[in-house]
Each structure stands twice: as structure tokens, then as C-alpha cells.
Amino acid sequence: MTALTLNRPVGQRFAAADYRARQKAVREEMARRGLHRLFVTSPANLLYLTGYEAIWYPNRLPVGLIIDRDRPETLLFDWSRHAGYVRTRVFADKAVLFDYGNAIDVVLETVTGAPETFGIEWSSANPAAPVMTELAHRLERAGFTVVSGDWIVDSVRLYKSDAELDCVRNAATIADAAMTELWSRLRPGMSELEVSALLGFLLAERGSEPPAMPVLVNSGPTAWMDIHGFPSTRRLEAGDVVNIDCCASVGRYHANLGRSFVLGASSTSARHIIAQGGGSLDVFRRLARLNDDPAPAMAAADAFARGQVPTENVWWIGGYALGISLPPNWVGHTYLANDGMEKCALKPGYVSNFENVFVDETEGFEAGCIDTLIMTSNGVEVLSKLPRQLLDVEI
């Protein structure tokens, strides 16, 4: 076991006071839920609380941060090979390093004091579930009461500060610019893979970090059922409806943008469907109320779309929280329908996408519009300036 005294981090996007405020808010939420300590292992939550981010996390090791509700100091556990990074890049008070084979023993040796209620993030993408299960069993044998610590940090970071919203707005500007450039460069003969790679390049060229998911591209007669499929080697053809869904990322804060294009002259019904059903976003904006449950406004928006478009053409009308995102996805844990285990309110700083996704099995298309929204004291702000319609590509 190696203990490190950490230097002042360099190159972090947010000030030390921001990280301290976030950690304090989590301790307050822990107290509200009756937890004494919380082991944070979610990569996105580690980034939020300490600035820690990596392209890969060793899934056999419980890399994480312990927060004690009664003490302001934070304790980070990490791999010994990350010593240089931890010492200079992470905002924590102390770090303890471990290796394969001794990690759980090191955590147990470090976690001392009277038995308390100990929260663990069971739903974290890292580490592997057996690692945390074994740690939990060992903590219980040591006298701790182990409970779920899921979504405690997530609930705190739902509502963004002005500095965080600056990142989101910058990401949205990048996404608009990249999608606009792609609009001028789409052509028959390009493969879906090439379109995805080109938009990824255009995003990066304008300052986006790699997003948490690759750029999604769907085209051709199977697009209606390939909504979450990877881009393929299929080559675009004249008359195709091409649906594209991407995120730009600044400081790991994502802005989601989706638009559909048609390559040249086409009688596709996608144009009418988007024009009619896409007004659901306007309904949501009109009915959404500051500090209220978003579900009634979302239900009205969904009902509007289904009143304008045949039900069989509506794949989904809805949205989910956006914020700090790392692979494998950018999807947050609360939805505008408020139908999950954790609820949200439209407080200032709440960031969500809003999706109008339509399909037609007969024509074989997926089409629609995806936008990023911010709840402000003046109502819902829509970040994209691109038209919410089927976009024509001259060929």
C-alpha cells in the first residue's frame, strides 16, 4: 500500500472551489439518505468530484473515491501505475495506491473507524461486479452496514452551474457547426461508416472531445429497425433519408444533436411526418414549468405527436438528462417522463435532450430531430439553431 499527498492539480477545467462545493453537496445528500460513507466508482461521478478521467479503467480494481459525510477530506484509491497522474491531475486530499492481488485488502486496511452505513455504487460501469460484491462482503464482515449508493452523486450533478452550462452551450455550438458542414458534404456513394467518421472529424476539428458514443448513422430500407445499430458499410443512394445522431463534448459535458437529410429529389413521407410531429417540442416548451415535474408537459408533447402522426410511425417522443458522460453512453439516469426509479424537477440548470424519432417500415426510414434543452429561470432554452425539419441535400 502506498499513500500519496497530492499536489495542486494542474490543467483542470474547474476551480478548486467548484470541486469542494460539489463534494459538500454530496455529503449533504448522503446525510439526507442516512449514509455515513460513500464509495464513488462511477467514472462520470469521479470526474465530477475530482476531475479524474481516463480512456480506460482497470475493471479488476476498485478505483474510486471515499466521501465521509462528517469530514471534508476525500480519499482516492487507484492503481499504482497511475501514481504520476493521481499526484498531479486529481482533486482529492489523499490517495492510496494498490495493485492486482491486494486491492480489496488495501481498501479494508484503510477504511477504519466505527462500523457505519457504507454506500456502494452498484450500478457503476467500473469495476466489474464481482469486485464490488467481494468488497461489500468484506465490509459487512468488518461490521459495516452496506447499502446502495447509486445515483446519489448523479442526483447532485443533475443541476448544472453556470460554468458547467458554458461547456454545454459550447458543445452545442460545435455540434451545430459540424452538422452544418456535413450537410454541405453529404453525397450518394459515401458509406454510413464514412459519414460517421467525417462528422467525428468535423466535431474534433471544431474543438469537441471524443463523445461517449460514436456518431450514429442510419440509412436505407432497414433504417427503421437499425436505430441503435452501428454505422454500416452500406453506401448512400440518391433519394435516401439519412438519419444522423451525434454529440459534441466539452469538458465531458455533452450536447446531443440529431437531424435527418434527404439526398436529392424524393417523395418521402418523412418530410410531412417531421413537420407535423416535430411540433411536440414546442408543446413541451410551452407547458414546462420551472421547478415542476416535467412529466405532464412530456405527456402532452407525446400526445400531440401521436395526434399528428400515425402511432405506428412514432418510435419515441421523449428525453433524458445530459451532463458529464463517458463511454459507453451519454444517457442520464432521469427522463422527462419521470418514469424511472429516480425523479427530477425542472430546476434551473437541468439539461436534457428532446427526441422526436419517427419510423416507416414500408418506406424503410428513420427520421426526426434531436435537440438539447436547458431549463432556465426564463423557461426552456433550445440550443440548436438548425431547422427542425427534413434537410435537403442537393446532388
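Determine whether the stretch 331-340 contains at least one residue that is in a helix (DSSP H, G or I) and either of a type in the set (K, R) or in contact with a Gly (Cβ under 9 Å, 6 or more places away or on another chain) (or both).
no
Could you grab me the full set of residues in the stretch 202-219 that are more than 14 Å from the chain's Cα centre (by Cα), open to solvent by 50 Å² or more (accessible area, probe 1.4 Å) and of a type outside the set (G, A, S)?
E205, R206
Scan the stretch 325-341 and report the pairs whose first residue is crowded, with 16+ Cβ neighbours inside 10 Å and whose second residue is among the basic types (K, R), with Cβ atoms within less than 6 Å and a gap of 6+ or a chain change.
Listed by first residue and then by second, the contacts come to nothing, as the list is empty.
Looking at F118, F98, F91, can you tell me which residue is open to solvent by less than 30 Å² (accessible area, probe 1.4 Å), more than 27 Å from K24 (Cβ to Cβ) and touching a residue at least 40 places away in the same chain (Cβ under 8 Å)?
Step by step, each of F118, F98, F91 is checked, and only F98 is open to solvent by less than 30 Å² (accessible area, probe 1.4 Å), more than 27 Å from K24 (Cβ to Cβ) and touching a residue at least 40 places away in the same chain (Cβ under 8 Å).
Can you find a residue in the stretch 261-270 that is in contact with a helix residue (DSSP H, G or I) (Cβ under 9 Å, 6 or more places away or on another chain) and closer than 21 Å to T311 by Cβ?
Yes, the conditions are met somewhere in the stretch 261-270.
What pairs come up if the first residue lies in the stretch 366-395 and is in contact (Cβ under 8 Å) with a residue 24 or more places away in the chain, the second is surrounded by fewer than 23 Cβ atoms within 10 Å (Cβ to Cβ) and aromatic (F, W, Y), and their beta carbons are under 7 Å apart, counting only those six or more places apart or on different chains?
E366/W224; L391/W183; L391/F261; V393/W183; V393/F261
Test of understanding: among G143, G149, which residue is among the small types (G, A, S) and crowded, with 22+ Cβ neighbours inside 10 Å?
G149
If we keep just the residues of the stretch 1-46 that are assigned to a strand (DSSP E or B) and either open to solvent by less than 50 Å² (accessible area, probe 1.4 Å) or of a type in the set (A, V, I, L, M) (or both), which is modelled with the lowest pLDDT?
Step by step, filter the stretch 1-46, then rank; the result is L4.
The rows are residues; the columns are (1) closer than 23 Å to R388 by Cα; (2) buried (at least 19 other Cβ atoms within 10 Å of the Cβ).
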site	(1), (2)
E181	yes, no
V195	yes, yes
L198	yes, no
D226	yes, yes
R235	no, no
I244	yes, yes
C247	yes, yes
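Restricting attention to the stretch 306-324, which residues are open to solvent by less than 60 Å² (accessible area, probe 1.4 Å) and among the β-branched types (V, I, T)?
Residues satisfying the conditions are V309, V314, I317, I324.
Given (1) touching a Ser or Thr at 6+ places or on another chain (Cβ under 7 Å); (2) over 19 Å from L47 (Cβ atoms), identify the lone condition not met by V90.
Of everything listed in (1) touching a Ser or Thr at 6+ places or on another chain (Cβ under 7 Å); (2) over 19 Å from L47 (Cβ atoms), V90 misses just condition (2).
Report the residue count in the stretch 178-218 for those that are outside any loop (DSSP other than H, G, I, E, B), in contact with a helix residue (DSSP H, G or I) (Cβ under 9 Å, 6 or more places away or on another chain) and charged (D, E, K, R).
Counting residues in the stretch 178-218 that are outside any loop (DSSP other than H, G, I, E, B), in contact with a helix residue (DSSP H, G or I) (Cβ under 9 Å, 6 or more places away or on another chain) and charged (D, E, K, R) gives 3.
Given the conditions (1) assigned to a helix (DSSP H, G or I); (2) of a type in the set (A, V, I, L, M); (3) touching a residue at least 24 places away in the same chain (Cβ under 8 Å), and given that A136 satisfies all but one, which numbered condition is not satisfied?
(3) is the only condition that A136 fails.
Suppose the filter is closer than 21 Å to V283 by Cα and either touching a residue at least 12 places away in the same chain (Cβ under 8 Å) or under 18 Å from the mean Cα position of the chain (by Cα) (or both); does V351 pass it?
The answer is yes for V351.
Since Q276 meets every condition but one in (1) polar (S, T, N, Q); (2) under 28 Å from P211 (Cα atoms); (3) touching a helix residue (DSSP H, G or I) at 6+ places or on another chain (Cβ under 6 Å), which condition does it not meet?
If we test Q276 against (1) polar (S, T, N, Q); (2) under 28 Å from P211 (Cα atoms); (3) touching a helix residue (DSSP H, G or I) at 6+ places or on another chain (Cβ under 6 Å), just (2) comes out false.
Whether any residue in the stretch 167-175 is open to solvent by 40 Å² or more (accessible area, probe 1.4 Å) and of a type in the set (G, A, S) is what I want to check.
no
Could you pull out the residue among V147, V153 that is outside any helix (DSSP H, G or I), β-branched (V, I, T), within 29 Å of the chain's Cα centre (by Cα) and modelled with pLDDT of 90 or more?
Residue meeting the stated conditions: V147.
Just for the stretch 345-388: of the residues that are of a type in the set (S, T, N, Q) and in a strand (DSSP E or B), which one is most open to solvent (accessible area, probe 1.4 Å)?
Here the residue is T376.
What are the residues in the stretch 47-84 that are closer than 26 Å to E164 by Cβ, in a loop (DSSP other than H, G, I, E, B) and touching a helix residue (DSSP H, G or I) at 6+ places or on another chain (Cβ under 7 Å), if any?
Matches in the stretch 47-84: G51, Y52, E53, Y57, R69.
Conditions tested, residue by residue: (1) modelled with pLDDT under 95; (2) of a type outside the set (A, V, I, L, M, F, W, C); (3) within 17 Å of N218 (Cβ to Cβ).
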| site | (1), (2), (3) |
| --- | --- |
| L236 | no, no, yes |
| G239 | no, yes, yes |
| V250 | no, no, no |
| L263 | no, no, yes |
| A270 | no, no, yes |
| A305 | no, no, no |
| V314 | no, no, yes |
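The values are calculated or read from the model by the stated rules, or taken from the named source; none is laboratory data. Note that the coordinates shown come from a computational prediction; the quantities given were computed from them, not determined experimentally. Cβ atoms come from the backbone with ideal geometry, glycine included; neighbour counts cover every protein chain shown. Ligands, DNA and RNA are stripped out before the accessible areas are found, and what is left, the full protein with its side chains, is counted by its heavy atoms. Shrake-Rupley method; radii C 1.70, N 1.55, O 1.52, S 1.80 Å.
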